[in-house]
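**Student:** This is the structure I want to talk about, given as structure tokens.
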Amino acid sequence: METRAVISEAPPAKWRQAAGTFRTIFNKYGIFLVFIAMLIVASILSPAFLSKTNLINVVRQMSVVGLISLGVTGVIVSAGIDLSSGSVVGLSAVVAASLSQVPDYSAAFYKGLQVPLIVAILAACGVGALVGLLNGSLVAKTRIPPFIATLGTLTAIRGTAFLYTSGRPISDLTDGYNFIGQGDIMGIPVPILILVLMAIVTHVLYSHTKFGKYVYAIGGNEQAARVSGINVGKYKMLMYVYAGFLAGLAGLVVSARIGSGQAGLGQGYELDAIAAAVIGGASLSAGGIGTVAGTIVGALIIGVLNNILDLTNVSAYWQQIVKGCIIVGAVILDQLKHHGSK
């Protein structure tokens, strides 16, 4: 009788062990499995999806959102949020573009302020970093909730961009400037190279520096981090500065890609960036969680989704609905995962 009891109890124990193993694997690699499944489904729905030209276009189109999401991931890891990144894209785009117009000496008034390309690049990144410093100061110094602080700067910075241009686009940009968004090196588009470079830099920054370790510690338990001697306010500010820097770089890339600086650029990009970070594993409910690799895959998932909906002629209105459902679903899964782990 005892032997039978042991035998009858063995299968449930094995099933529990298998379920635990599956849960561990899915929590760690689930996003990659979902991405692979999406690629398979996309290739079935549209044979044109797997063409080299289309795949390059997918990555090039998501490179801007990918750059923003790298910074947004760090902010979310620190238990914050940044809603202003889309507006930063617009402001940095018009500032950089205004420094890279081709001069028109035949006009009644001198048109165009052309400076070395590096100055325009630094201006775009600098504008983003300054807005990040403003966000970080509001969050760290005044203790305003990040959602409210960055919601305010979202509106103010967008207004500043329109004020800077009087609502008019800035065109006639130099070839060197446009090369950043339209050129390629050895057949690889420059925006993709910029994204890969910044992904590597960001991974090293988050995973192999004191700055990254402190940001994860702050997000995991801010009070414990403060007690252990970490200057919480300082590192929160630096995280927002870096996120702003990346959003400024994204503004440079997108304006160079379309050959025009427009104050309305980047509208809605902040939501795509947050979605990429959350889909990639960053947790809105618990700080200290998120990876660069997961975020890049999350951005690619959004890019593939947009592309396959376009290829299958799905209405742009339905695309917004689908994207919204995916964002909500990712947050629900995040909540369930962390609730189940407690």
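The values are calculated or read from the model by the stated rules, or taken from the named source; none is laboratory data. Bear in mind that the values here come from a model prediction, so they are computed numbers and not experimental data. Because the Cβ atoms are built from the backbone with ideal geometry, glycine has one as well, and the counts that use them run over all protein chains shown.
**Student:** Restricted to the stretch 213-224, and to residues that are buried (at least 17 other Cβ atoms within 10 Å of the Cβ) and touching a residue at least 60 places away in the same chain (Cβ under 8 Å), which residue is nearest to residue 240 (Cα to Cα)?
**Tutor:** To start, the set of residues in the stretch 213-224 that are buried (at least 17 other Cβ atoms within 10 Å of the Cβ) comprises 214-219, 222.
Okay, now just the ones that are also touching a residue at least 60 places away in the same chain (Cβ under 8 Å), so 215-219, 222.
Values: 215: 11, 216: 14, 217: 16, 218: 14, 219: 13, 222: 16 Å.
Within the stretch 213-224, the match that is nearest to residue 240 (Cα to Cα) is 215.
**Student:** Among the residues of the stretch 250-272, how many are under 17 Å from residue 74 (Cβ atoms) and either part of a loop (DSSP other than H, G, I, E, B) or in contact with a Gly (Cβ under 7 Å, 6 or more places away or on another chain) (or both)? Lay out the reasoning, then the answer.
**Tutor:** Going residue by residue through the stretch 250-272, those that are under 17 Å from residue 74 (Cβ atoms) are 250, 269-270, 272.
Subset that is either part of a loop (DSSP other than H, G, I, E, B) or in contact with a Gly (Cβ under 7 Å, 6 or more places away or on another chain) (or both): 269-270.
Number satisfying all stated conditions: 2.
**Student:** If you don't mind, another one. If you scan the stretch 175-226, which residues turn out to be part of a helix (DSSP H, G or I) and among the charged types (D, E, K, R)?
**Tutor:** Initial filter on the stretch 175-226 (part of a helix (DSSP H, G or I)): 175-182, 190-207, 210-220, 222-226.
Scanning the stretch 175-226 gives 175, 210, 213, 222, 226.
**Student:** Where residues in the stretch 160-174 are in a helix (DSSP H, G or I) and over 25 Å from the mean Cα position of the chain (by Cα), which of them is farthest from residue 261 (Cα to Cα)? Steps first, please.
**Tutor:** Looking only at the stretch 160-174, we keep the residues that are in a helix (DSSP H, G or I), and these are 160-165.
Going one step further and asking which of them are over 25 Å from the mean Cα position of the chain (by Cα), we end up with 163-165.
Values: 163: 13, 164: 11, 165: 9 Å.
Here the residue is 163.
**Student:** In the stretch 135-159, how many are touching a residue at least 60 places away in the same chain (Cβ under 8 Å) and crowded, with 19+ Cβ neighbours inside 10 Å?
**Tutor:** Qualifying residue count for the region: 10.
**Student:** With respect to residue 187, is the statement that it is at pLDDT below 95 and under 17 Å from residue 81 (Cα atoms) true?
**Tutor:** Numbers: at pLDDT below 95: yes; under 17 Å from residue 81 (Cα atoms): no.
Considered against the rule, which asks whether it is at pLDDT below 95 and under 17 Å from residue 81 (Cα atoms), residue 187 comes out as no.
**Student:** Sticking with this structure for a sec: Between residues in the stretch 310-323 that are free of Cβ contacts under 8 Å to residues at least 60 places away in the same chain and aromatic (Phe, Trp, Tyr) and residues that are in a helix (DSSP H, G or I) and surrounded by 14 or more Cβ atoms within 10 Å (Cβ to Cβ), which pairs lie under 8 Å by C-beta distance while being six or more apart or on different chains?
**Tutor:** Listed pairs, sorted by first residue: 318/309.
**Student:** State whether one or more residues within the stretch 65-86 are over 22 Å from residue 202 (Cα atoms) and surrounded by fewer than 24 Cβ atoms within 10 Å (Cβ to Cβ). Give the derivation first.
**Tutor:** So in the stretch 65-86, the residues over 22 Å from residue 202 (Cα atoms) come out as none.
No.
**Student:** Separate question: Kindly provide the set of residues from the stretch 243-286 that are buried (at least 23 other Cβ atoms within 10 Å of the Cβ) and hydroxyl-bearing (Ser, Thr, Tyr), ordered by number.
**Tutor:** Result: 255, 269.
**Student:** Based on this model, can you work out whether residue 127 counts as among the aliphatic types (A, V, I, L, M) and either farther than 15 Å from residue 241 by Cα or in contact with a Pro (Cβ under 8 Å, 6 or more places away or on another chain) (or both)?
**Tutor:** Numbers: among the aliphatic types (A, V, I, L, M): yes; either farther than 15 Å from residue 241 by Cα or in contact with a Pro (Cβ under 8 Å, 6 or more places away or on another chain) (or both): no.
No: the conditions fail for residue 127.
**Student:** A further question follows. Counting only residues that are within 27 Å of residue 183 (Cα to Cα) and under 10 Å from the mean Cα position of the chain (by Cα), how many does the stretch 47-85 have?
**Tutor:** 12
**Student:** When you scan the stretch 276-286, do you find a residue that is under 25 Å from residue 94 (Cβ atoms) and in contact (Cβ under 8 Å) with a residue 40 or more places away in the chain, even just one?
**Tutor:** Our first condition is that a residue be under 25 Å from residue 94 (Cβ atoms); within the stretch 276-286, this holds for 276.
Filter again for in contact (Cβ under 8 Å) with a residue 40 or more places away in the chain, leaving 276.
So far as the stretch 276-286 goes, yes, one or more of its residues are under 25 Å from residue 94 (Cβ atoms) and in contact (Cβ under 8 Å) with a residue 40 or more places away in the chain.
**Student:** Checking the condition in a helix (DSSP H, G or I), among the hydroxyl-bearing types (Ser, Thr, Tyr), in contact with a Ser or Thr (Cβ under 9 Å, 6 or more places away or on another chain) and closer than 28 Å to residue 258 by Cα, which residue from 63, 92 passes? Reasoning before the result, please.
**Tutor:** On the way: 63 fails: in contact with a Ser or Thr (Cβ under 9 Å, 6 or more places away or on another chain).
Being in a helix (DSSP H, G or I), among the hydroxyl-bearing types (Ser, Thr, Tyr), in contact with a Ser or Thr (Cβ under 9 Å, 6 or more places away or on another chain) and closer than 28 Å to residue 258 by Cα holds for just one of 63, 92, which is 92.
**Student:** Could you list all residues from the stretch 148-163 that are in contact with a Leu (Cβ under 7 Å, 6 or more places away or on another chain) and of a type outside the set (A, V, I, L, M)?
**Tutor:** Within the stretch 148-163, 150, 153, 160 qualify.
**Student:** Across the stretch 287-336, what is the number of residues that are surrounded by 18 or more Cβ atoms within 10 Å (Cβ to Cβ) and part of a loop (DSSP other than H, G, I, E, B)?
**Tutor:** So the count comes out to 5.
**Student:** Any residue at all in the stretch 235-249 that is of a type in the set (Lys, Arg), assigned to a helix (DSSP H, G or I), without any contact (Cβ under 8 Å) to a residue 60 or more places away in the chain and more than 22 Å from residue 181 (Cα to Cα)? Give the derivation first.
**Tutor:** Residues of the stretch 235-249 of a type in the set (Lys, Arg): 236.
Checking which are assigned to a helix (DSSP H, G or I) leaves us with 236.
Next, from what is left, pick out any that are without any contact (Cβ under 8 Å) to a residue 60 or more places away in the chain: none.
Taking every residue of the stretch 235-249 in turn, none turns out to be of a type in the set (Lys, Arg), assigned to a helix (DSSP H, G or I), without any contact (Cβ under 8 Å) to a residue 60 or more places away in the chain and more than 22 Å from residue 181 (Cα to Cα).
**Student:** From the list 127, 72, pick out the single residue that is over 30 Å from residue 285 (Cβ atoms), β-branched (Val, Ile, Thr) and touching a residue at least 60 places away in the same chain (Cβ under 8 Å).
**Tutor:** On the way: 72 fails: over 30 Å from residue 285 (Cβ atoms).
Result of the check over 127, 72: 127.
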